[in-house]
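The values are calculated or read from the model by the stated rules, or taken from the named source; none is laboratory data. A quick note: this is a predicted structure, and the numbers were derived from the prediction, not measured. For accessibility, only protein heavy atoms count, side chains too; no ligands or nucleic acids. Shrake-Rupley method; radii C 1.70, N 1.55, O 1.52, S 1.80 Å.
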Amino acid sequence: MKMNHDCVLALLLTLESESKYNQNLTTAVLSLDQIANFDFMKPFTREEIFYTAEKLKEANIIELDVNRSDQGLIDVGFGAITFIGHAYLDSIRSASAWSGLKKV
C-alpha cells in the first residue's frame with residue numbers, strides 16, 4: 001500500500017489537537033472510529049488511516065495499540081504523539097515546508 005502523506009499530516013494534527021490526559025493523568029486512548037470522525041481525517045478511508053498509523057508507530061512518531069485475533073482486527077487505540085513525533089510535526093507544519101517535502 002502506498003503511504004498517503006496528506007494522511008500523515010492530518011493524523012498528526014488530529015492527535016495533537018485531540019489527545020488529552022484522563023483522570024489518572026495518562027493519555028486517553030482514541031479508537032479508530034473516533035479518529036476517522038474528526039474533521040482533518042474525513043477525506044481518508046479507515047484503511048488509509050490505519051496503515052498510516054502503523055507506519056507512524058514503526059517510526060516511533062505515535063503511540064498505537066493494535067489488538068488482533070485470528071479473525072482480524074479487534075481494536076485500535078491511538079495514544080499520544082511521541083517527542084520525536086512532535087519534532088517531526090513541527091518540521092512539516094507550515095504549508096511551504098509540507099509542499100516541499102511532498103515533492104521529494
Apportionment of accessible area to carbon and sulfur, the stretch 1-90, percent (1.4 Å): 50
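Please say if the stretch 23-87 is rounded, prolate or oblate, where rounded means a/c under 1.5 for a ≥ b ≥ c the square roots of the C-alpha gyration tensor eigenvalues, and otherwise the choice is prolate for a/b larger than b/c and oblate otherwise? Don't skip to the answer; put the middle values down first.
Details: a/c = 1.34, a/b = 1.20, b/c = 1.11.
Note, shape of the stretch 23-87 comes out rounded.
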